[in-house]
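Data block below; observations after.
Derivation of every value follows stated rules applied to the coordinates shown; laboratory data play no part. This one's a predicted model, so the numbers in the text were calculated from it and none came from an experiment. Every residue, glycine as well, gets a Cβ built from its backbone with ideal geometry; the counts of neighbours run over all protein chains shown.
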């Protein structure tokens, strides 16, 4: 299964593995799954880290390299993803979460999230 991990799940996996839900850990460790991270997650973490958000304290350059070194595949953001965001109902206002969902929808991936509000969308979402 192709899994797109949301930003918090990625951060927990890399920096706070004890916070990672068991269900997420099992998915990440399953050899049959392909793991992806979005360029939007790097962007989000960089912006929120610069704003001083304590849940986003990360060196995004090192984090990105670590993801690549651990066989995560990078998913760029493209215009089809942006257009797909427009069709989403206003369940969640966070633009980063909305673009992640749009990417999962258009790329035939499952978005893995711990976000209750994001999980309210219908679509390829797996709440952990």
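For the range 20-64 and the range 87-114, write down the distance between their C-alpha centroids in whole Å.
Answer, in whole Å: 15.
What FRET efficiency comes out for the pair residue 85/residue 25, r = Cβ-Cβ distance, R0 = 25 Å, nearest 0.05?
0.30
Sort all Cα-Cα distances of the range 2-127 into consecutive 5 angstrom bins from zero, then give the percent of pairs in each bin up to the one containing the longest distance.
2, 11, 22, 25, 22, 13, 4, 0
Among 22, 48, which comes first, then next, by fewest other beta-carbon atoms within 10 Å?
Ranked by crowding around the Cβ, least crowded first: 22, 48.
May I ask you to sort 96, 36 by Cβ crowding, counting other Cβ atoms within 10 Å and putting the fewest first?
Ascending number of Cβ neighbours within 10 Å: 96, 36.
When a/c is below 1.5 the answer is rounded, else prolate if a/b is larger than b/c, else oblate, so apply that to the range 3-73 with a ≥ b ≥ c taken from the square roots of the Cα gyration tensor eigenvalues.
Verdict is prolate for the range 3-73.
If you rank 34, 49, 79, 41 by fewest surrounding Cβ atoms within 10 Å, what's the result?
Listing 34, 49, 79, 41 from fewest to most nearby Cβ atoms yields 79, 34, 49, 41.
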